[in-house]
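In what follows, a single structure is set out as structure tokens and then discussed.
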Amino acid sequence: MSFKTIPVFKRFQWLNSELVVNILAQFLQPPRRGRKGYDKVWMFRLLIYKQLVRCSYRDLESVSENLGSKIDYSTFIKFRKRLIDKFLFRRIFDVLSKAIAENLSSITAIIDSSFVETYSKRNEEGSEYFGYKEKNGFKLHQMIDYATRLPILQFATPGARSDIRWGANLIRAAPDYWKMKELTADKAYDGANFVKDIILKFPGIKVAIPMRRHKKNDFWFNRFMKGWERTHDATIYKKRSEVERHFSRKKGVFNLGEERTRGLTNFEANCDFVSTIQILEWLAAPQIWWVLFTMLC
């Protein structure tokens, strides 16, 4: 399959991988009738380029012109809006993440959330004031796999929503046939019912969630009533720090939160888009079972 090469830095050369192009082609087929328009895979890859280098839509128009097929900046804006309206960002992420999770021999899941301030730094549609950060914004709640460092489940919410409640939603959304062997999170997810729900859904799983500090007379309750269902394996606890590096890279390399878009709907689309980019980058590296992803429908 022939495709145009996008000039990018060496660390982003995966964007020109034939595998990445073939995967995107499964989701971005041209219409069967009527005007075909621009190559949708080409436009999607240029949107990825925009996300990676933080250029504007007008800059993207110049890039496309230099590469031989000028696309007006307004066309990119309309294209992105159509992708959101058709839930295509969400669909691509769901299909890719599900395929990865189902083919892992075991999953060490890490749950956490990350707060992202609104682009305008003011109240926006769907945003909430988060007292701890003293800012208006949104939250991304994610479950990542430790071995691949990839997101396998995620939700976007207003910025003041409870971590443990949305952690419970992540557990409910995870299929019970996933090979979940370990799960870790920070003290924000310390809840006896939360831990019990995890163990009931995934029998044999090791849950490593530290307990909050309580008064002295609560020590025995914590140790014997709450703590007996959890593992105290230090190696599992240490894996939790990986999610902090994951969110740091998501914001620092893939520029989540730097988009000039407003509102919860746009933030959710940005989260799905960035997570898809992370998965595509990982797939472009040599993998033993990457052939699975060339046959997605």
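The values are calculated or read from the model by the stated rules, or taken from the named source; none is laboratory data. It should be emphasised that the depicted structure is a prediction, and the values quoted were computed from it without experimental measurement. Here Cβ is always computed from backbone atoms with ideal geometry, including for glycine, and neighbour counts include all displayed protein chains.
Is it the case, given these coordinates, that Ile209 is within 30 Å of Val95 (Cα to Cα) and at pLDDT below 95? Criteria met by Ile209. Condition check for Glu125 on (1) over 22 Å from Ser97 (Cβ atoms); (2) of a type in the set (Asp, Glu); (3) out of contact with any Leu (no Cβ under 9 Å at 6 or more places or on another chain): one failure, at (3). Selection within segment 161-213: residues that are of a type in the set (Val, Ile, Thr) and assigned to a loop (DSSP other than H, G, I, E, B). The member of this set that is surrounded by the fewest Cβ atoms within 10 Å (Cβ to Cβ) is Ile205. Only one of the numbered conditions (1) closer than 20 Å to Leu256 by Cα; (2) basic (Lys, Arg); (3) in contact with a helix residue (DSSP H, G or I) (Cβ under 8 Å, 6 or more places away or on another chain) is not met by Arg54, and that is (3).
Of the residues contained in segment 26-35, one or more are found to be surrounded by 16 or more Cβ atoms within 10 Å (Cβ to Cβ), within 23 Å of the chain's Cα centre (by Cα), over 30 Å from Ile236 (Cα atoms) and not assigned by TED's automatic domain parsing to the domain that holds Lys179.
Which residues, counting only those in segment 126-144, are surrounded by fewer than 22 Cβ atoms within 10 Å (Cβ to Cβ), of a type outside the set (Lys, Arg) and in a strand (DSSP E or B)? Glu128, Tyr129, Phe130, Asn136, listed by residue number. Within segment 90-103, residues that are farther than 18 Å from Val20 by Cβ reach partners that are part of a helix (DSSP H, G or I) and not β-branched (Val, Ile, Thr) with beta carbons closer than 8 Å, at six or more positions or on different chains, in the pairs Arg90/Glu268; Arg90/Ala269; Arg90/Asp272; Asn103/Leu292. The condition of being of a type in the set (Phe, Trp, Tyr) and over 22 Å from Arg249 (Cα atoms) holds for only one of Phe89, Phe130, that being Phe130. When we screen Phe79, Phe93 for residues that are under 13 Å from the mean Cα position of the chain (by Cα), of a type outside the set (A, V, I, L, M) and assigned to a helix (DSSP H, G or I), the only hit is Phe93. Consider segment 105-150. How many of its residues are over 30 Å from Ile199 (Cα atoms) and touching a residue at least 60 places away in the same chain (Cβ under 8 Å)? Counting residues in segment 105-150 that are over 30 Å from Ile199 (Cα atoms) and touching a residue at least 60 places away in the same chain (Cβ under 8 Å) gives 9.
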